[in-house]
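To start, the structure itself, in structure tokens.
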Amino acid sequence: MEEIAAEAGGKPIEIWFCDEARVGQKNKITRRWAPRGTRPSAPSDQRTQSAYIFGAICPAEGKAAGLILPRCTTQAMALHLEEISLAVAPGHHAVLMLDQAGWHLSPKLKVPDNITLLPLPSKSPELNPVETVWQYCATTGSPTGCSPPIQTSSTTVVRHGTGSSTSPGPSCPSAFANGLTGSDQRDLV
């Protein structure tokens, strides 16, 4: 940190953490209870659209920056870094702690002048507080699954029916999204 502060020319340092998470529908194999020798129908939802939430926080300053993008690439990370750069206070320098994903450390990544990337040790998600944000969204239900479509640069990146829902409902209207259910699965054959 002392080296980074020296390189920043004595500017005040803001410590930021960033990560990304995929939201959307990821299909699984549909299974049914059935008597031996029968082949029951097992329809399943084939939609697989998803989006990526790029998030960054500066806990000490109470600031955050985020984007929802259709892909997780070096170009998407560059857009995220630009968004973080805008949130850094004028005259300050940000140290951005992140995992060692390929798009975070790519030599093709254009890093703004007011940000220095500091990779965290591999296999240590507990060091990144943004990981708890994703855990919170997963346990309480991410609002993106049930929210209206989000428009970014005239492109819809999250639509109804593609949310990270685990049961049929407003975000997943198909009756076959998770298969039929009943008190006795054999009754469904």
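What the table shows:
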| quantity | calculated |
| --- | --- |
| One residue from E20, E14, E83 being touching an Asp or Glu at 6+ places or on another chain (Cβ under 7 Å) and either in contact (Cβ under 8 Å) with a residue 24 or more places away in the chain or under 17 Å from P112 (Cα atoms) (or both) | E14 |
| Count - residues of region 57-92 that are within 27 Å of G10 (Cα to Cα), part of a strand (DSSP E or B) and either modelled with pLDDT of 95 or more or among the hydrophobic types (A, V, I, L, M, F, W, C) (or both) | 4 |
| Qualifying residue in region 93-116 (condition: in contact with a Lys or Arg (Cβ under 6 Å, 6 or more places away or on another chain), within 23 Å of K11 (Cβ to Cβ) and at pLDDT 90 or above) | yes |
| Hits in region 84-101 (condition: surrounded by fewer than 19 Cβ atoms within 10 Å (Cβ to Cβ) and farther than 22 Å from P125 by Cβ) | S85, L86, A87, A89, P90, G91, H92 |
| Residues satisfying the stated conditions in region 1-56, i.e. within 28 Å of R71 (Cα to Cα) and assigned to a loop (DSSP other than H, G, I, E, B) | Q25, K26, N27, K28, I29, T30, S44, D45, Q46, R47, T48, Q49 |
| Set T162, T156, T152: member being at pLDDT below 80, buried (at least 18 other Cβ atoms within 10 Å of the Cβ), among the hydroxyl-bearing types (S, T, Y) and in contact with a strand residue (DSSP E or B) (Cβ under 9 Å, 6 or more places away or on another chain) | T162 |
| Failed criterion for E14 (all others in (1) of a type in the set (D, E, K, R); (2) closer than 25 Å to L127 by Cα; (3) modelled with pLDDT under 90 hold) | (3) |
| W33, sole failed condition from (1) in contact (Cβ under 8 Å) with a residue 60 or more places away in the chain; (2) surrounded by 15 or more Cβ atoms within 10 Å (Cβ to Cβ); (3) more than 19 Å from L120 (Cβ to Cβ); (4) not polar (S, T, N, Q) | (2) |
| Criterion violated by C137 - all others in (1) surrounded by 14 or more Cβ atoms within 10 Å (Cβ to Cβ); (2) out of contact with any Lys or Arg (no Cβ under 8 Å at 6 or more places or on another chain); (3) modelled with pLDDT of 80 or more satisfied | (3) |
| Complete set of residues in region 17-49 that are at pLDDT below 85 and closer than 30 Å to V95 by Cα | V23 |
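Condition check ((1) out of contact with any strand residue (DSSP E or B) (no Cβ under 8 Å at 6 or more places or on another chain); (2) farther than 20 Å from N114 by Cβ; (3) exposed (fewer than 14 other Cβ atoms within 10 Å of the Cβ)) across all residues:
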{"residue": "R47", "(1), (2), (3)": "yes, yes, no"}
{"residue": "A51", "(1), (2), (3)": "no, yes, no"}
{"residue": "G55", "(1), (2), (3)": "no, no, no"}
{"residue": "C58", "(1), (2), (3)": "no, no, no"}
{"residue": "A65", "(1), (2), (3)": "no, no, no"}
{"residue": "A78", "(1), (2), (3)": "yes, no, no"}
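The values are calculated or read from the model by the stated rules, or taken from the named source; none is laboratory data. In this text, all values refer to a predicted model and were calculated from it rather than measured experimentally. Positions of Cβ are backbone-derived with ideal geometry, glycine not excepted, and every protein chain shown enters the neighbour counts.
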